[in-house]
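A quick write-up on the structure given underneath.
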Amino acid sequence: MTKKQMQKHAESLLAYYQKIFRLQDWDISVQVLDQQEYKLEHGEEADYYTGACNRVITQTKRSMISLRYEEQPTPLVENLIHELANLMVHQQWWHVSKHSEIIQNTEQRELFMSTLDDLLELSVSNITRALIKSLQEGGIYKQ
């Protein structure tokens with residue numbers, strides 16, 4: 001599949017799953033990036049550790065999901081569903097993050113935020129697996 005074909009496929013999957021997950025109030029875009037573009041946009045660490053990234057503006061409910069063109073251990077559709085699941089819980093994370101300044105000690109605040117991020121990622125991964133299983137069992141999983 002060419003990059004252009006993958007882009008069209010990703011846009012189709014986004015439209016399909018955005019409606020199913022009731023995220024129509026979000027302005028979500030998706031882009032398929034090759035390795036160099038992905039590294040440039042998301043940095044060295046994301047290039048090494050992730051198959052997809054999501055830039056979110058919580059206040060306006062805007063999201064730009066970046067999916068990698070090169071084959072990943074996790075299929076493109078699962079990476080997309082993971083990023084959509086992030087949006088399902090993002091406002092809660094943002095609210096807690098926004099109020100983290102009440103923790104006066106910088107080291108404690110950074111540890112708190114790091115733990116929050118780790119727990120969010122674990123929750124989103126669990127939600128993603130549950131969604132995929134439910135979609136498969138319901139016969140509406142689209143790849």
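To the nearest ten degrees, helix 3-20 and the longest principal axis of the Cα atoms of the chain are 70 degrees apart. Taking a ≥ b ≥ c as the square roots of the Cα gyration tensor eigenvalues, with a/c under 1.5 meaning rounded and otherwise prolate when a/b beats b/c, else oblate, which class fits the chain? Prolate shape, in that a/c is at least 1.5 and a/b is the bigger ratio. Helices in the chain, meaning DSSP H runs of at least 4 residues, each add -39500 (n - 2.57). Divided by all residues, the mean residue ellipticity at 222 nm is -21500 deg cm²/dmol.
Close amide H contacts of Val30 (hydrogens built in the peptide plane, cut-off under 5 Å, sequence separation of 5 or more or a different chain): Ile65. Simple rule: put +1 on each Lys or Arg Cβ and -1 on each Asp or Glu Cβ in the chain, find the dipole, and look at Leu111, Ser97, Gln5; the Cα lying farthest toward the positive end is Gln5. Note on the chain: Lys pairs 8 or more places apart or on different chains, Cα atoms under 26 Å apart, count 18. In order along segment 123-129, the phi-based Karplus estimate (6.51 cos²θ - 1.76 cosθ + 1.60, θ = phi - 60°) of 3J(HN,Hα) comes to 4, 5, 5, 5, 4, 4, 4 Hz; Gly and Pro are listed as x.
Here the accessible area of the chain is 52 percent carbon and sulfur, with a 1.4 angstrom probe and all protein chains present.
A convex hull fitted around the alpha carbon atoms of segment 87-143 yields 72 Å³ per residue. Between Leu135 and Lys3, the modelled labels are 2.5 nm apart [label points 7 Å from Cα along Cα→Cβ].
Placing pseudo-labels 7 Å out from each Cα toward the beta carbon at Arg22 and Leu122 gives an inter-label distance of 2.7 nm. Per-residue 3J(HN,Hα) values for segment 115-121, derived from phi via the Karplus relation 6.51 cos²θ - 1.76 cosθ + 1.60 with θ = phi - 60°, read 5, 4, 4, 5, 5, 4, 4 Hz in sequence order (x marks Gly and Pro). This model, with +1 at the C-beta of Lys and Arg and -1 at the C-beta of Asp and Glu, gives segment 1-44 a dipole about its Cα centre of some 260 debye. Around the amide H of Asn54, modelled in the peptide plane, lie the amide H atoms of Ser66, all under 5 Å away and 5 or more residues distant in sequence or on another chain. 3J(HN,Hα) couplings calculated from phi for segment 28-43 with the Karplus curve 6.51 cos²θ - 1.76 cosθ + 1.60 (θ = phi - 60°) are, in sequence order, 10, 10, 10, 9, 9, 10, 6, 4, 5, 5, 5, 4, 5, 6, 10, x Hz; Gly and Pro show x.
The values are calculated or read from the model by the stated rules, or taken from the named source; none is laboratory data. Every value quoted in this text rests on a predicted model; they were computed, and no experiment measured them. FYI the Cβ positions are ideal-geometry reconstructions off the backbone, even for glycines, and counts take in every protein chain you see. Remember, those area values only see protein heavy atoms, side chains included, never the ligands or the DNA or RNA. Shrake-Rupley method; radii C 1.70, N 1.55, O 1.52, S 1.80 Å.
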